Amino acid sequence: MSADFDLVIIGAGAAGGGAARRLAGEKLSVLALEAAPRVGGRMFTTRIGGLNLDFGAEWLHSAQRNPWTELAGRLGFALDRRRANWWMQYKNLGFSVEDQEAAGAAYAAWSEALAGAPEDCAAKALSETEWSAYIRAVASYVSGAELENMSARDYAAYDEASTSDNWRVFEGFGALAAAAWPEKIPLRLATPITSVTLPPGGVALSTRAGKIFARAVICTVSTDVLAGESIRWPRELRPWREAAADLPLGRNEKLFFEIRDDRFFEPDTHLIGDPRDPATAAFDIRPFGQPVIECFLGGAGALAMERDGSASAFSTALDALARLFGAEVRRALRPLAATHWGRDPRIGGAYSYALPGHAAARHCLARPFEDRVFFAGEATDPQDFTAAHGAYASGGRAAEEAIAALARRR
Ligand SMILES: Cc1cc2nc3c(=O)[nH]c(=O)nc-3n(C[C@H](O)[C@H](O)[C@H](O)COP(=O)(O)OP(=O)(O)OC[C@H]3O[C@@H](n4cnc5c(N)ncnc54)[C@H](O)[C@@H]3O)c2cc1C
């Protein structure tokens, strides 16, 4: 069978973009296929009423060594380099300075204990104290998972590799991802792959528009998609699907309120709803001065929204804000938008975490199958997994592997 393309990239999220940019200067015929009608995957800026809202990735973590920082400069996107305000509790509302110090110390002690956690389980590093709920809430923002289901080693590895510089893109991180797609790499949107087979010499992909035969593919779909049933996979890829199942996606969702009366809210402030509730939201207030409050939900909070719907989640978040700012804020806020990453069949959640004892699954997932199928995506990066910079870097790494393999086969 003669190949239609040297290489097909499956998925046009951050990893697909990283692969595409690396391949743009090569003399290879490349095509990218994306199930959604847009580029970016879990990087998505939407514009509502003149506001830029990042539904998914928003922060350039470890910003000084983050490849998106350099790309932002090159593509003319301005960055907000101020220090992230995540540890700020606006006016210490509902969380006294002493309690913030005690909770911070409890979180630090838990992080220290992760290295020796029995059975590599993050919950087993936790000594039950007044601040256990706080630790659970913060860890769920980072991982989207419950401590009982989480590898202690994996969580600690991400933490250790991260630096404290976290920046944002004024126009939106998702807007940057969309602009970064290289013109030279053709992209078919709204074209989901429904099955993958491995005929001799290449890979065959089925789409509703017909079959495509490539000499090799770079697969960037999320671990939930790889482990799930929306694509029919060949049995040879079973070990990769098992690794993906050991790296499920946690749950994180966002709610946005429009501020109609801004006298209650100072720009660029932050606070946690209830530090004694493991499902509590964290609130980013008037980011970049915009008349909006962004509520970030992780783990139990995000799952409650998935189960009970966004109207219920808005009501819970509004109750929390009313407790902190006073009942009058109810009239000042209007629900604007909510994300549904957990229900999106093309994604299935927020970002990957490793099950206890399965941190090494990331390495297994990143290995190529023969010289034909190369795996990228946030879950495959050895240190910056979960994040958009890890995803981007993994795309470049998989592209390098594919280029070398195709040269060997020539
Ligand atoms: C709420 C939330 C907040 C986040 N915050 C941050 C943050 O602040 N900073 C940060 O760095 N990261 C953050 N992340 C994580 C970051 O968004 C991801 O790590 C990164 O975008 C993942 O990129 P990816 O390319 O690996 O996967 P994806 O973005 O999932 O890309 C895979 C692509 O494959 C496509 N696909 C699926 N099935 C098929 C099919 N059958 N055929 C063809 N294509 C298919 C999908 O549509 C998708 O576009 C956040 C994520 C969420 C959900």
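The values are calculated or read from the model by the stated rules, or taken from the named source; none is laboratory data. As the structure is a prediction and not an experimental result, all values here were calculated from the model. Here Cβ is always computed from backbone atoms with ideal geometry, including for glycine, and neighbour counts include all displayed protein chains. These area figures cover heavy atoms from the full protein model, side chains too; ligands, DNA and RNA do not enter into them. Shrake-Rupley method; radii C 1.70, N 1.55, O 1.52, S 1.80 Å.
Which percent of the accessible area of region 1-98 is formed by carbon and sulfur heavy atoms (probe 1.4 angstrom)?
The computed percentage sits at 53.
Find the accessible area per residue for the chain; the probe is 1.4 Å, ligands and nucleic acids are left out, and the unit is Å².
Accessible area per residue, the chain: 42 Å².
Provide the net charge surrounding Glu34, with neighbours chosen by a C-beta distance below 11 Å and charges set as Lys +1, Arg +1, Asp -1, Glu -1.
Values: positive: Arg38, Arg188, Arg346; negative: none.
In short, +3.
Tell me the relative contact order for the chain as a rounded percent, counting alpha carbon contacts under 8 Å between residues six or more apart.
Working: 906 pairs, mean separation 101.8, N = 410.
25 percent.
Consider a paramagnetic label point 7 Å from the Cα of Thr207 along Cα→Cβ; state which residues of region 372-410 have an amide N under 14 Å from it.
Inside the label zone: nothing.
Once phi is turned into θ = phi - 60°, what whole-Hz ³J(HN,Hα) does the Karplus curve with 6.51, -1.76 and 1.60 give for every residue of region 343-359, x standing for Gly and Pro?
Ordered by residue, 3J(HN,Hα) equals 9, 7, x, 7, 10, x, x, 9, 8, 7, 10, 9, 5, x, x, 10, 4 Hz.
Could you calculate the FRET efficiency of Ala115 with Glu148 from 1/(1 + (r/R0)^6), where r is the beta carbon distance between them and R0 is 22 Å, rounded to 0.05? Write out the running numbers ahead of the final one.
Details: r = 18 Å, r/R0 = 0.83.
With R0 = 22 Å, the Cβ-Cβ based efficiency is 0.75.
On a 0 to 90 degree scale, rounded to 10, what angle separates helix 132-143 from the longest Cα axis of the chain?
30
Stretched out fully, how many nm does the piece from Asp308 to Arg409 gain, at 0.36 nm a residue minus the Cα gap?
In short, 31.1 nm is gained.
So if we plug the beta-carbon distance of Asn92 and Arg238 into 1/(1 + (r/R0)^6) with R0 = 60 Å, what FRET efficiency do we get, rounded to 0.05?
0.70
Along Cα→Cβ, 7 Å out, is where each label goes; now give me the distance between the ones at Leu75 and His363 in nm to one decimal.
Label-label distance for Leu75 and His363, simple model: 3.3 nm.
Using a 7 Å offset from Cα along Cα-Cβ at Arg263, what residues in region 288-327 end up with backbone N under 16 Å from the label point?
Output list for this probe position: 325-327.
For the chain, modelled as a Gaussian network with Cα springs under 10 Å, which listed residue fluctuates most, Ala216, Ala393, Ala125?
Most flexible of the set in this elastic network: Ala125.
Mind telling me which of Arg397, Arg343, Arg168 comes out most flexible in a GNM of the chain, alpha-carbon contacts under 10 Å?
Maximum among the listed residues: Arg343.
What shape does region 159-223 have by the C-alpha gyration tensor, where a ≥ b ≥ c are the square roots of the eigenvalues, rounded means a/c under 1.5, and otherwise prolate means a/b greater than b/c and oblate the rest?
prolate
Please determine, in degrees from 0 to 90 and to the nearest 10, the orientation of helix 152-161 with respect to the longest principal axis defined by the Cα atoms of the chain, where the helix direction is its Cα long axis.
Taking the Cα atoms of the chain, the angle to 152-161 is about 90 degrees.
For an R0 of 51 angstrom, estimate the FRET efficiency from the Cβ-Cβ distance between Ala102 and Arg343 and round to the nearest 0.05.
Once the sixth-power term is evaluated, E becomes 0.85.
So what J values fall out for region 122-128 if you push phi through Karplus, 6.51 cos²θ - 1.76 cosθ + 1.60 with θ = phi - 60°, rounded to Hz, Gly and Pro as x?
4, 5, 7, 8, 9, 8, 5
Using modelled amide H (1.01 Å from N, peptide plane; none on Pro or chain starts), what sits under 5 Å from the amide H of Ser29, excluding residues fewer than 5 places away?
Long-range HN contacts for Ser29: Asp6, Leu7.
How large is ³J(HN,Hα) for each residue in region 189-194, as worked out from phi by the Karplus curve 6.51 cos²θ - 1.76 cosθ + 1.60 (θ = phi - 60°), to whole Hz, x for Gly and Pro?
Running phi through 6.51 cos²θ - 1.76 cosθ + 1.60 with θ = phi - 60° gives 7, 6, 10, x, 7, 10 Hz.
Which residue fluctuates most in the GNM of the chain (Cα springs below 10 Å): Ala117, Ala302, Ala19?
Fluctuation is largest for Ala117.
Given H placed on each backbone N at 1.01 Å, which residues far from Gly377 in sequence or on other chains put an amide H within less than 5 Å of it?
Result for Gly377 returns Ser394, Gly395.
Could you list which residues have their amide H under 5 Å from that of Cys121, counting only those 5 or more apart in sequence or on another chain, with H placed in the peptide plane?
Long-range HN contacts for Cys121: Ala152.
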